[in-house]
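Only one structure is covered here, and it is reproduced in the block below.
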Amino acid sequence: MNLNQKQRDALISILEYEQTHDPKEFSLGWTWSDVRVPPATLNNLLLKGLVEEKYHSNNSRGLLLTELGHEQSSLLTEPAKAYEKAQDEILTLPDELFEDIIGHDDVKELLAATLITEKPVHVLLAGPPALAKSLFLWDVEQVYGEQAMACWLGNKQGGTMGHSSRARAADFAHR
């Protein structure tokens, strides 16, 4: 389902509210002020079938998440939990990392250091063809999978550019 950022944030906020409060407290539903979501956003979620109206009067209405709303909000929170779990794990570098690349010891040291840092580091690999840029990226991807690779793009000169989500605070270019 196509949701904008406000709607995604609203779903997460609503799910969090429903999970942290006793259902008896909102048996007729919660109000926009309970979940701190603007009424216009709630109307959009209502039209998409993600929330349902349980109670309506002249000055108030009670809403609840539908099954579809629970599914969508769970899908939104699962990637965040997986990312937090991945960030909590301490990465250790295998001995065979970059063993298929001859030379480029300075680049090997830099990439190894950026992969084990706690703070984010961005890395840019740039240069003419045949400098082992793709080999470095392939090795990182083989060891750490997609969680380490945020971008892998080809440039106009035929070389490869990429950056790692684990490699985030110091930029470097190898030419």
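The values are calculated or read from the model by the stated rules, or taken from the named source; none is laboratory data. Keep in mind it's a predicted model, so treat the numbers as computed, not measured. Don't worry about glycine lacking a Cβ; one is built from the backbone with ideal geometry, like all the others, and counts go over all protein chains shown.
What number goes with the only condition from (1) in contact (Cβ under 8 Å) with a residue 60 or more places away in the chain; (2) outside any helix (DSSP H, G or I); (3) not hydrophobic (A, V, I, L, M, F, W, C) that G62 does not pass?
Exception for G62: condition (1).
Does K85 qualify as being loosely packed, with under 14 Cβ neighbours inside 10 Å, at pLDDT below 85 and either part of a helix (DSSP H, G or I) or among the acidic types (D, E) (or both)?
Numbers: loosely packed, with under 14 Cβ neighbours inside 10 Å: yes; at pLDDT below 85: yes; either part of a helix (DSSP H, G or I) or among the acidic types (D, E) (or both): yes.
Taking the combined requirement at face value, the residue satisfies it.
So which of E71, E118 is under 30 Å from P23 (Cα atoms) and either in a loop (DSSP other than H, G, I, E, B) or modelled with pLDDT of 85 or more (or both)? It would help to see each step written out before you state the result.
Details: E118 fails: under 30 Å from P23 (Cα atoms).
Going through E71, E118 in turn, just one is under 30 Å from P23 (Cα atoms) and either in a loop (DSSP other than H, G, I, E, B) or modelled with pLDDT of 85 or more (or both): E71.
Out of everything in region 89-107 that is within 16 Å of E141 (Cα to Cα) and out of contact with any helix residue (DSSP H, G or I) (no Cβ under 8 Å at 6 or more places or on another chain), what residue ends up being surrounded by the fewest Cβ atoms within 10 Å (Cβ to Cβ)?
So, considering only residues that are within 16 Å of E141 (Cα to Cα) and out of contact with any helix residue (DSSP H, G or I) (no Cβ under 8 Å at 6 or more places or on another chain), the one surrounded by the fewest Cβ atoms within 10 Å (Cβ to Cβ) is D95.
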